[in-house]
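Here the structure comes first, spelled out in structure tokens, and everything after it is commentary.
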Amino acid sequence: MTSRLLNRFFYFIGHSIFHPLVKGLFVLLVLTGILGLPEKWALAVDFQTYLKGAQAEVSRHKEIIREDPLDAIAYLELGRAYLAMGSHEEEVEAYQEAIKLNHKYTTAHYNLSMAYDLLKDGPNAIKHMLRARDLYTQKRNHARIRNVKRQLSLLYLKYPDNTIIPQN
């Protein structure tokens, strides 16, 4: 009953990109403030809800890929869903598949670089960030170029001995 009331409440306030975040914060507020539960219990319930949502996203994107295995965007979104779950090896595989389908997929190169950084693989992180910089330069997307240059600076600081680009 409570779940149905919450769903109706969120339906009436509208859907947005922040819907899961707002819903999670609302549940946290209700559990801690109104019901008087300890905050760590509320956070545990909220994380479980978050994890279930991330797993549902993975399943949804896998289904999309099953229907259209040549959809590079679906692989990128699958990688983002794996990122939300903290499954970085699977995240890397999904981004690599997106790049196989479209070798000029700039966002996939950028995200792959960030995933390699999370896995502490400096050479590959730098390699894909350089590729993203080159692709954004071709597109003349100056805001993204500045962002990539900042990330490259951070990567070079993090991995000073890995400035040589690997041959993959």
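Considering 29, 76, 83, the condition of being farther than 30 Å from residue 125 by Cα, hydrophobic (A, V, I, L, M, F, W, C) and at pLDDT 55 or above is satisfied by 29 alone. Find the helices (runs of 4 or more DSSP H) located wholly in region 97-168 whose residues include 3 or more that are more than 21 Å from residue 80 (Cβ to Cβ) and basic (Lys, Arg), and list them. So the answer is 142-158. Of the residues making up region 137-161, those that are surrounded by fewer than 13 Cβ atoms within 10 Å (Cβ to Cβ), farther than 14 Å from residue 114 by Cα and among the basic types (Lys, Arg) are 139, 140, 146. Look at region 95-109: where a residue is more than 16 Å from residue 130 (Cα to Cα) and surrounded by fewer than 21 Cβ atoms within 10 Å (Cβ to Cβ) and a partner is at pLDDT 95 or above and of a type in the set (Phe, Trp, Tyr), sitting 6+ places away or on another chain with Cβ atoms under 9 Å, you get 97/75; 100/75; 101/75.
The values are calculated or read from the model by the stated rules, or taken from the named source; none is laboratory data. Note that this is a predicted model, so its numbers are computed, not measured. Heads up, the Cβs are rebuilt from the backbone with ideal geometry, glycines too, and the neighbour counts pull from every protein chain shown.
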